[in-house]
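S.K.: Sharing a structure with you now.
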Amino acid sequence: VVRDAAKAAALAAPGLTIRQVAFSDHAALVAALRGHDAVINAAGYLRDGPAFVALVQAVIRAAAEALGPGGRFWLFGGAGVLDVPGKSITSLELPGIPKISEAHRTNWNAVKATDLDWSMLCPGPMVEAPNGEASRGLVVTADTWPVALPGFTNFLPRPALSLAFIQAVPRLRISYEDAARAILDNLGKNGPFSKKRVGVALADGKARAG
């Protein structure tokens, strides 16, 4: 289900149906989503600001109506809404973390208010995989950073935690193929990431340059 079928023409493949829908047309969007086993929302661009929030929340509302209680729904957030390991705060509450990511928190709060069986993938920056394939050994976590911190995290001041987050970015920089793998491997209902934010990172010792 896309907003511009012409842009999606390159995706044409056997068994794939591409349907153009105006996402501002609630009834049409509900009709397009109804009857499916799961909905994955990849629409929207964070830097669009309020328009991004409006778009994602339009999809959330349509999915809630189309799929009903317990309907399987994935959406994208960002690493900023993941909890800092060992702390009762999200990364957004650390100094120096871009506040533009607050939009992800807004969408998280919106999907939490539904009866959907939702999961929010929260990666770092995403890039194209050089070989078109997902990385091996991805680390996938529920609600917290997918990278380990020292055991004395509770004693670290917030500026030090910000530095640790920045240093982790090369592992948090995943490919679109990695994101797809993490979602498709956990697409079933009532799985380990049901109603969770999902962190994903490259395997320990692996990193991807920006």
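S.K.: Check LYS206 against each of (1) within 17 Å of VAL147 (Cα to Cα); (2) among the basic types (Lys, Arg); (3) in contact with a strand residue (DSSP E or B) (Cβ under 9 Å, 6 or more places away or on another chain) and name the one condition it does not meet.
M.R.: (3) is the only condition that LYS206 fails.
S.K.: Within the stretch 117-137, track down each residue that is of a type outside the set (Lys, Arg) and open to solvent by 30 Å² or more (accessible area, probe 1.4 Å).
M.R.: Of everything in the stretch 117-137, those that are of a type outside the set (Lys, Arg) and open to solvent by 30 Å² or more (accessible area, probe 1.4 Å) turn out to be PRO125, MET126, VAL127, GLU128, PRO130, ASN131, GLY132, GLU133, ALA134, SER135, GLY137.
S.K.: Which condition number in (1) among the hydrophobic types (A, V, I, L, M, F, W, C); (2) assigned to a loop (DSSP other than H, G, I, E, B); (3) surrounded by 12 or more Cβ atoms within 10 Å (Cβ to Cβ); (4) without any contact (Cβ under 8 Å) to a residue 12 or more places away in the chain is the one that ALA54 fails?
M.R.: (2)
S.K.: Please go through (1) more than 13 Å from LYS195 (Cα to Cα); (2) touching a strand residue (DSSP E or B) at 6+ places or on another chain (Cβ under 9 Å); (3) not small (Gly, Ala, Ser) for TRP118 and return the number of the only condition it doesn't satisfy.
M.R.: (1)
S.K.: Report, by residue number, each residue of the stretch 70-113 that is touching a Cys at 6+ places or on another chain (Cβ under 7 Å), among the aliphatic types (A, V, I, L, M) and part of a loop (DSSP other than H, G, I, E, B).
M.R.: Correct list: LEU82 only.
S.K.: Additional query: What's the total number of residues in the stretch 186-210 that are charged (D, E, K, R) and farther than 19 Å from ARG171 by Cβ?
M.R.: The number of residues fulfilling the criteria is 3.
S.K.: So, one more: Please pick out the residue among GLY35, GLY15, GLY86 that is in contact (Cβ under 8 Å) with a residue 60 or more places away in the chain, at positive phi and more than 17 Å from the chain's Cα centre (by Cα).
M.R.: Step by step, each of GLY35, GLY15, GLY86 is checked, and only GLY86 is in contact (Cβ under 8 Å) with a residue 60 or more places away in the chain, at positive phi and more than 17 Å from the chain's Cα centre (by Cα).
S.K.: Would you confirm whether any residue within the stretch 150-159 is surrounded by 12 or more Cβ atoms within 10 Å (Cβ to Cβ) and in contact with a strand residue (DSSP E or B) (Cβ under 9 Å, 6 or more places away or on another chain)?
M.R.: No.
S.K.: How many residues does the stretch 187-202 contain that are surrounded by fewer than 18 Cβ atoms within 10 Å (Cβ to Cβ) and either in contact with a Leu (Cβ under 7 Å, 6 or more places away or on another chain) or among the polar types (S, T, N, Q) (or both)?
M.R.: The qualifying residues number 2.
S.K.: Can I ask one more? Of the residues that make up the stretch 81-90, is at least one at pLDDT 95 or above, under 18 Å from ASP37 (Cα atoms) and open to solvent by less than 20 Å² (accessible area, probe 1.4 Å)?
M.R.: No, every residue in the stretch 81-90 fails to be at pLDDT 95 or above, under 18 Å from ASP37 (Cα atoms) and open to solvent by less than 20 Å² (accessible area, probe 1.4 Å).
S.K.: Within the bounds of the stretch 161-172, is there any residue that is open to solvent by less than 80 Å² (accessible area, probe 1.4 Å) and not in a helix (DSSP H, G or I)?
M.R.: No, every residue in the stretch 161-172 fails to be open to solvent by less than 80 Å² (accessible area, probe 1.4 Å) and not in a helix (DSSP H, G or I).
The values are calculated or read from the model by the stated rules, or taken from the named source; none is laboratory data. This one's a predicted model, so the numbers in the text were calculated from it and none came from an experiment. In this analysis, Cβ positions are derived from the backbone assuming ideal geometry, glycine residues included, and neighbour counts consider all displayed protein chains. Side chains are part of the model used for accessible areas, which takes the heavy atoms of the whole protein and leaves out ligands, DNA and RNA. Shrake-Rupley method; radii C 1.70, N 1.55, O 1.52, S 1.80 Å.
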